[in-house]
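Below is one structure; the comments refer to it alone.
The values are calculated or read from the model by the stated rules, or taken from the named source; none is laboratory data. All values reported here derive from a predicted model rather than from experimental measurement. Neighbour counts run over all protein chains shown; Cβ positions are idealised from the backbone, glycine included.
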Amino acid sequence: MIDIDVQISPEHSTAVRRLGNLADEFKDKAVRAGLDAASKPILDKMKSEVPVKTGLTRKSVGRSKLSKNQADRLGVPGGANMRPGDAAVLIGPNKRVEGKRRLRIFNLLDQGTDPHTIAPRRQRLLKFVRATLHIRGRGFAKKVDHPGINARNILADSLDAGRIGFGDRFNAGVEKHLAKKGL
């Protein structure tokens, strides 16, 4: 897990002062709106970097807001001690698509794999469906030599792209939320 610690610069201090005067319920919603606005480019970049074969892994990439308990369980720094105005979001393959999570596939794409042999576990033969552009049909094999996958560094590239201007986007999201509520 990679976390981004947001440091508020002096030009953003007006939004922070306005947040400090709000009730806890409004403060939480405003901070979450700021995080949503600030993390959108990270989410968009991550989705664009995932290769599309069936599209299921790309559909699984999303953003979810973490509760205090979820943040603590996932090891977010200060998760157990979250106060009003603290918020955490999880960006990545965290949505179920067709009833399954795609985290394992996403990690293989992100980190890559070495060449390896795939052998059956319970049966004597592997059964697979060939669905390439030129070859269609079913196949059987005693083993398959997989060539490996090159690492794509999807997480690191997405976070690097999203760090630039994070504070400005956060401030704009908070200000937009406060203006929408008439505060």
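A few comments on the model shown:
- Close pairs (9 angstrom Cβ cut-off, 6 or more residues apart or separate chains): over 18 Å from I154 (Cα atoms) and in contact (Cβ under 8 Å) with a residue 12 or more places away in the chain in the stretch 75-94, surrounded by 14 or more Cβ atoms within 10 Å (Cβ to Cβ) and among the β-branched types (V, I, T) anywhere: M82/V76; P84/V31; G85/V31; D86/V31; A87/V31; A88/V76
- Residue in the stretch 122-139 that is of a type in the set (S, T, Y), free of Cβ contacts under 8 Å to residues at least 12 places away in the same chain and either in a helix (DSSP H, G or I) or not assigned by TED's automatic domain parsing to the domain that holds K45 (or both) present: yes
- Only residues that are aliphatic (A, V, I, L, M) and either outside the structural domain of V97 (by TED's automatic domain parsing) or modelled with pLDDT under 85 (or both) were counted across the stretch 60-72, and they come to 2.
- Test for F128: is it of a type in the set (F, W, Y) and either modelled with pLDDT of 85 or more or under 28 Å from K45 (Cβ atoms) (or both): no
- Test: residue in the stretch 41-48 that is over 16 Å from R163 (Cα atoms) and in the same structural domain as A161 (by TED's automatic domain parsing): yes
- When G75, G112 are checked against the criterion of being among the small types (G, A, S) and at pLDDT 90 or above, a single residue qualifies: G112.
- Residue list for the stretch 36-55, filter: at pLDDT 90 or above and out of contact with any Ser or Thr (no Cβ under 7 Å at 6 or more places or on another chain): D36, A37, A38, S39, K40, P41, L43, D44, K47, S48
- In the stretch 157-183, residue nearest to M46 (Cα to Cα) [restricted to those that are under 17 Å from the mean Cα position of the chain (by Cα) and in contact (Cβ under 8 Å) with a residue 12 or more places away in the chain]: S158
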